[in-house]
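Comments concern the structure below.
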Amino acid sequence: MSGQVVALCGGVGGAKLAQGLGAALPPEELCIIVNTGDDFRHLGLCISPDLDSVIYALAGLSDPVRGWGRRDETWTFMRALEGLGGESWFQLGDGDLAMHVERTWRLTQGATLSDATAHLCRALGIAIRVLPMSDDPVRTRVLTDEGWLDFQEYFVHRQCRPAVREFMFAGAETARAQSGALAALERRDLRAIIICPSNPFVSVEPILAVPGIRAAIQRSNAPVVAVTPIIGGKAIKGPAAKMMAELGLEVSAAAVARRYAGIIDGFVVDQADPMPESLPGVRYFRAATLMNTADDRLQLARAVLQAAETLGAN
C-alpha cells in the first residue's frame, strides 16, 4: 500500500520508531515532524536535542549504550571546558558539538531551523523529510514543587528530581506551524499519521500545541495510530512514568491512550500488557514495542503500519 505517512516524534523512543519507519518505507513516503520544545541555547549554541536524536537514528549514528548522542563519541571538548571551570552539566561530545556549531552558524546567517535541519540531513545522507514542528521558538517549561523550570534545567541539570505539577509551552500560541509539516498532514494521499512512543507531555503535546497541527490531524481522513511509551507500568527511557505518577495519573498504556483521546483512532499496546478498557472511537492493537535492535524497530514499524491499514480499510 503506497501513500504518505507522517510521524510525530520526540525523544529516544520516538527516534527509534522513526528509524524503523525509515527502514520500512521508501524515503519519499515518510515525513517526520519533530518536537522542538526541548530546544535551548547553551554556551552560545542553538541545541535541538530531539531533532538530533532523530537525525542520528536515521543516519545510523545513535549511541546504542547511552541512548542519546552519537556513537563512538569522544569528549576532549568537555574535559577542556571542565578544566576551565565552564558549564559542564549538559554534555556535548566532540562529534555532537559539530552539529550544534553548524546549526548555530547557519541560523546566525539567516537560515531557518528547517533550512538548517535539511542541510544536516543532506550532509548525513538522509533522504527522509525531517521537519521541526515550527521555525518559531516554542519552549517547554515545567512547573515543579520548586517553581517553574526550563525543560533542560529540569531534565538534565536537575535530572528530573523535582516533582512535576504542570507544563507550559512558551511561545506556542504565536508560533507558526512549519509549512511543510502542515502540507504533509493535509495531503490527499495521506495513508497514516503515527504518534511515536514518545513522552506525551513533553515530546508530543508541544507539537500539538502549535496552532494548526492538532486541527490538521483531526481534519485528516487518514487513521491516526499512537504507540505506547509505557510497558509494564514503566517508561523504557525518560521520565514519562514519574511525570504520570506525580500528576496523579495511572502509570499505564491506558492512561496514555486517554491522553490522546479525540485525535487517535488506534493505539498500540505492548504484547506483555493487558488490553486497556475500551475508549470510544479507539481500537487497540498488540505488538512487541520494546526496541532493542534495528530489527525490533522495523518489526514494530510494520506492525504500526499494518494497524493503520486495518483502520483505513474499515
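The values are calculated or read from the model by the stated rules, or taken from the named source; none is laboratory data. Keep in mind it's a predicted model, so treat the numbers as computed, not measured. Backbone-built Cβ (ideal geometry, glycine too); neighbour counts: all protein chains shown.
Within the range 75-85, does at least one residue satisfy the condition of being buried (at least 24 other Cβ atoms within 10 Å of the Cβ) and touching a helix residue (DSSP H, G or I) at 6+ places or on another chain (Cβ under 7 Å)?
no
Which of (1) among the polar types (S, T, N, Q); (2) out of contact with any Phe, Trp or Tyr (no Cβ under 6 Å at 6 or more places or on another chain); (3) farther than 22 Å from ALA18 by Cα does GLN152 not meet, given it meets every other one?
The one condition GLN152 does not meet is (2).
Does SER88 satisfy the criteria of being buried (at least 17 other Cβ atoms within 10 Å of the Cβ), without any contact (Cβ under 8 Å) to a residue 60 or more places away in the chain and of a type in the set (S, T, N, Q)?
Against the criterion (buried (at least 17 other Cβ atoms within 10 Å of the Cβ), without any contact (Cβ under 8 Å) to a residue 60 or more places away in the chain and of a type in the set (S, T, N, Q)), SER88 does not qualify.
All but one of (1) surrounded by 15 or more Cβ atoms within 10 Å (Cβ to Cβ); (2) over 19 Å from the mean Cα position of the chain (by Cα); (3) more than 19 Å from TYR56 (Cβ to Cβ) hold for ARG161; state the number of the condition that does not hold.
It fails just one condition, (1).
Starting from the range 44-73, keep only residues that are closer than 17 Å to ILE236 by Cβ, then list their pairs with residues that are of a type in the set (S, T, N, Q) whose Cβ atoms are within a distance under 6 Å, requiring at least 6 positions of separation or different chains.
Close Cβ pairs (under 6 Å, with a partner that is of a type in the set (S, T, N, Q)) amount to ASP50/ASN35; ALA57/GLN19.
Going through the range 256-314 one residue at a time, which ones are buried (at least 16 other Cβ atoms within 10 Å of the Cβ), in a loop (DSSP other than H, G, I, E, B) and of a type outside the set (Phe, Trp, Tyr)?
ILE263, ILE264, ASP265, ASP273, PRO276, THR289, LEU290, MET291 - these are the residues of the range 256-314 that are buried (at least 16 other Cβ atoms within 10 Å of the Cβ), in a loop (DSSP other than H, G, I, E, B) and of a type outside the set (Phe, Trp, Tyr).
Collect the residues in the range 36-60 that are surrounded by 18 or more Cβ atoms within 10 Å (Cβ to Cβ) and within 18 Å of ILE126 (Cβ to Cβ), keeping them in residue-number order.
THR36, SER48, PRO49, ASP50, LEU51, ASP52, SER53, VAL54, ILE55, TYR56, ALA57, LEU58
Among the residues of the range 234-283, which ones are among the hydrophobic types (A, V, I, L, M, F, W, C), touching a Lys or Arg at 6+ places or on another chain (Cβ under 7 Å) and free of Cβ contacts under 8 Å to residues at least 40 places away in the same chain?
ALA241, LEU279
Rundown of residues vs (1) among the small types (Gly, Ala, Ser); (2) at pLDDT below 95; (3) farther than 24 Å from LEU185 by Cα; (4) outside any helix (DSSP H, G or I), yes/no style:
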| site | (1), (2), (3), (4) |
| --- | --- |
| ILE33 | no, no, no, yes |
| CYS46 | no, no, yes, yes |
| VAL54 | no, no, no, no |
| GLY67 | yes, yes, yes, yes |
| ASP72 | no, yes, yes, yes |
| MET78 | no, no, yes, no |
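Please enumerate the residues belonging to the range 92-128 that are touching a residue at least 60 places away in the same chain (Cβ under 8 Å) and assigned to a loop (DSSP other than H, G, I, E, B).
LEU124, GLY125, ILE126, ALA127, ILE128
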